[in-house]
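Contents: one structure, followed by commentary.
Quick note: the coordinates plus some simple rules give every number you see, no bench work behind them. Keep in mind the model is a prediction, meaning the values are calculated, not measured. Cβ placement follows ideal geometry from the backbone for every residue including glycine, while neighbour counts extend to all protein chains displayed.
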Amino acid sequence: MTNTAPRYDRVQIILHWLIAPIILAMIILGLFMVELPKQSELPAGEESVRAFYFLLHKSMGISVAFLIILRVFWRLTHKAPALPDTIGKWQQKAAGAVHGLFYLLMVAMPLSGFMQSIYSKYSTKFWGIKLPRLAEADQGMREFYSQVHEYLAFALIVLIVIHLVAVVKHKLAGSAISDRMSLKR
Ligand code: HEM
Ligand code: HEM
């Protein structure tokens with residue numbers, strides 16, 4: 001049986017599947033790297049790998065921000081396909097709210113990360129290229145944006161869990177909802 005239900009367009013599907021794994025990797029990388037010992041916490045002669053992972057996280061975060069800008073632009077100019085009437089009103093509203101919050105967090109995460117980096121005493125590098133300093137190092141501001149970045153990350157994790165539960169639930173119920181974002185034609 002062919003599925004004729006409306007689907008997300010090609011660009012939306014490709015961007016969803018490019019961005020989702022990068023965001024998941026960014027969360028894992030972020031949680032992992034903050035636990036790594038600083039150079040000052042290591043015995044003499046041992047080199048910290050913390051800076052390497054921080055630089056990787058920042059470069060990946062700035063890169064995915066470009067894809068996110070494209071995605072937000074595309075979504076503002078292209079609608080999501082209408083959900084079938086079999087999906088109740090409140091569920092349609094809940095899906096809309098979760099998706100809206102995703103877009104907000106997809107923008108706020110790289111932004112808050114970038115803000116804390118510009119107030120850090122270390123220069124921000126993008127895949128090895130030193131970016132111009134946009135502000136003087138400021139410990140208070142850095143800590144503020146670091147807190148914001150951390151709280152938003154936890155909100156994002158909660159949202160991803162809700163999103164995945166919804167996708168799995170529809171899949172188990174045999175609904176074609178998950179096909180709307182499927183790469184397969
Ligand atoms: C989608 C994008 C991003 C996601 C999902 C993400 C996620 C995370 C997570 C989960 C943490 C660990 C939070 C904690 O336990 O403190 C973290 C930390 C951090 N992130 Fe990001 N991040 C993103 C983008 C960025 C960007 C663009 C930058 C900078 C250019 C950045 C800089 C940092 C820094 C410096 C930390 C360490 C904070 C600290 O030392 O307290 N992040 N990030
Ligand atoms: C690997 C885990 C993921 C799976 C299996 C998945 C699956 C899906 C599916 C099936 C849809 C279509 C829902 C519908 O038809 O209404 C969807 C939509 C969406 N997903 Fe995911 N997703 C995943 C991860 C993520 C992540 C990490 C994010 C963002 C941080 C995300 C953001 C979105 C957004 C914003 C929409 C709605 C698109 C729109 O209406 O513009 N997803 N996802």
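Details
- Centre separation in Å (Cα based) which lies between region 144-161 and region 49-68: 16
- Cα long-axis angle, helix 89-118 against the chain (0 to 90 degrees, to the nearest 10): 20
- Cα-based radius of gyration of region 1-139 once divided by 2.2 N^0.38 Å, which approximates compact folds: 1.38
- Distance between the 7 Å Cα→Cβ label points at Glu143 and Lys125: 2.8 nm.
- Positive minus negative residues near Ala173 (Lys, Arg vs Asp, Glu; Cβ under 15 Å): +2
- Nearest 10 degrees, 0 to 90: helix 10-33 Cα axis against the chain principal axis: 40
- Qualifying lysines (Cα of each under 20 Å from Cα of Lys121; at least 8 residues distant if same chain): Lys38, Lys58, Lys130
- FRET efficiency, 1/(1 + (r/R0)^6) with R0 30 Å, evaluated for Leu24 and Ala82 via beta carbons: 0.60
- Under 18 Å of direct C-alpha separation, and excluding same-chain neighbours fewer than eight residues apart, Lys171 reaches these lysines: Lys184.
- Extension reserve of the Tyr53-Ala108 stretch, reckoned as 0.36 nm per residue once the Cα distance is removed: 17.7 nm
- Of Arg10, Arg185, the sequence from fewest to most neighbouring Cβ atoms within 10 angstrom is Arg185, Arg10.
- Remark: Ile118, Ile14 ranked as Ile14, Ile118, counting other beta-carbon atoms within 10 Å and listing the fewest first.
- Proximity of backbone amide H atoms, modeled 1.01 Å from N, is registered between Lys125 and Leu131 at under 5 Å, excluding neighbours fewer than 5 places apart on the same chain.
- Region 10-181: relative contact order as a whole-number percent, Cα under 8 Å and 6+ apart: 20
- Here the simple spin-label model places points 7 Å from the Cα toward Cβ, and for Val34 and Asp179 these points are separated by 4.1 nm.
- Cα-centre dipole for region 1-115 with unit charges at Cβ (Lys and Arg positive, Asp and Glu negative), debye to 20: 600
- Neighbourhood charge, 13 Å Cβ-Cβ cut-off, centred on Pro37 and excluding it, Lys, Arg +1 and Asp, Glu -1: -2
- Gaussian network model of the chain, springs between alpha carbon atoms under 10 Å - residue of Gln92, Gln12, Gln39 with greatest fluctuation: Gln39
- Rounded to 10°, Cα long-axis angle of helix 50-77 versus longest principal axis of the chain: 30
- Computed [θ] at 222 nm, helices only, for the chain once each DSSP H run of length n ≥ 4 contributes -39500 (n - 2.57): -22500 deg cm²/dmol
- Cα-based shape type of region 79-159, given that a ≥ b ≥ c are square roots of the gyration tensor eigenvalues and the cut on a/c is 1.5: prolate
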